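Comments concern the structure below.
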Amino acid sequence: MLKNWRIGSINGVVLAAYFIPAWTLIAVNIMVAPVHGLFERPSVAVALFISDQFQISGMNTVRAAWLLALGRLTVVAFFAIFLALLSIPRVRRAGGPDEALGIALFIGSLISFASMVMASKVGEMAALRLHATELLLLLGAAIVLLIERPARRPVEARVLEANVLEKAPLAFEQAELLHNR
């Protein structure tokens, strides 16, 4: 069953198994209670940085919290699309799910990197470790995805296809109209 699975696909499934429930829970907590959800452990560095550096009002803090939740849900959505595309064998063999995984890795890396920098600026070491770990997971998966190419078709299938193409008439040699016979 696993003979046509690639390492990047398995790595993406493991990442999706972590990021989908974890980031969905964080985003839902932010959506339900924006300020309280923003000041929980996974997002506390962002909250402290926003309140210290920008000195914005409460409503703008809520908007920033919702923007963070939207970004996290976008990553979750692309991981879900990756898993849905991965369940189709023909698409999986051709490397079709890689685009959705790449987008999820890119957006997730941006969010984790920005959160890590913000945690570093405000001195929140637990949040810094969390975001650095997430960033390393995402960057490692991106490197595997960049290095690994989709599996090529076996040589026999390419030779058989070449033989069929040699025997088939070319499109310009076929009569298209009645008076061209």
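The values are calculated or read from the model by the stated rules, or taken from the named source; none is laboratory data. Because the structure is predicted, anything quoted here is derived from the model rather than measured. Cβ placement follows ideal geometry from the backbone for every residue including glycine, while neighbour counts extend to all protein chains displayed. Remember, those area values only see protein heavy atoms, side chains included, never the ligands or the DNA or RNA. Shrake-Rupley method; radii C 1.70, N 1.55, O 1.52, S 1.80 Å.
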| query | With respect to residue 99, is the statement that it is under 18 Å from residue 133 (Cβ atoms), of a type outside the set (Phe, Trp, Tyr), open to solvent by 30 Å² or more (accessible area, probe 1.4 Å) and at pLDDT below 95 true? | reply | no
| note | The residue from 56, 50 that alone is within 18 Å of residue 131 (Cα to Cα) and surrounded by 12 or more Cβ atoms within 10 Å (Cβ to Cβ) is 50
| note | Taking segment 12-43 and keeping residues farther than 15 Å from residue 78 by Cβ and among the polar types (S, T, N, Q) leaves 29, 43
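Yes or no: residue 32 of a type in the set (Val, Ile, Thr), out of contact with any Cys (no Cβ under 9 Å at 6 or more places or on another chain) and surrounded by 14 or more Cβ atoms within 10 Å (Cβ to Cβ)? First the steps, then the outcome.
Details: of a type in the set (Val, Ile, Thr): yes; out of contact with any Cys (no Cβ under 9 Å at 6 or more places or on another chain): yes; surrounded by 14 or more Cβ atoms within 10 Å (Cβ to Cβ): no.
For residue 32, the condition - of a type in the set (Val, Ile, Thr), out of contact with any Cys (no Cβ under 9 Å at 6 or more places or on another chain) and surrounded by 14 or more Cβ atoms within 10 Å (Cβ to Cβ) - is not met.
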| Can you find a residue in segment 42-59 that is of a type outside the set (A, V, I, L, M) and touching a Pro at 6+ places or on another chain (Cβ under 9 Å)? | no
| task | Could you pull out every one of the helices (runs of 4 or more DSSP H) wholly within segment 20-111 that has 3 or more residues that are under 21 Å from residue 122 (Cα atoms) and either touching a residue at least 40 places away in the same chain (Cβ under 8 Å) or not polar (S, T, N, Q) (or both)? | result | 34-38, 44-49, 58-86
| remark: Filtering segment 131-141 for residues that are buried (at least 19 other Cβ atoms within 10 Å of the Cβ) and more than 14 Å from residue 106 (Cα to Cα) leaves a count of 1
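Identify all residues within segment 5-19 that are open to solvent by less than 40 Å² (accessible area, probe 1.4 Å) and part of a helix (DSSP H, G or I); write none if there are none.
Step one: list which residues in segment 5-19 are open to solvent by less than 40 Å² (accessible area, probe 1.4 Å), which gives 6, 8-9, 12, 15-16, 19.
Answer for segment 5-19, where residues must be open to solvent by less than 40 Å² (accessible area, probe 1.4 Å) and part of a helix (DSSP H, G or I): 8, 9, 12, 15, 16, 19.
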| Within segment 63-96, tally of residues that are of a type in the set (Val, Ile, Thr), open to solvent by 50 Å² or more (accessible area, probe 1.4 Å) and modelled with pLDDT under 95 | 1
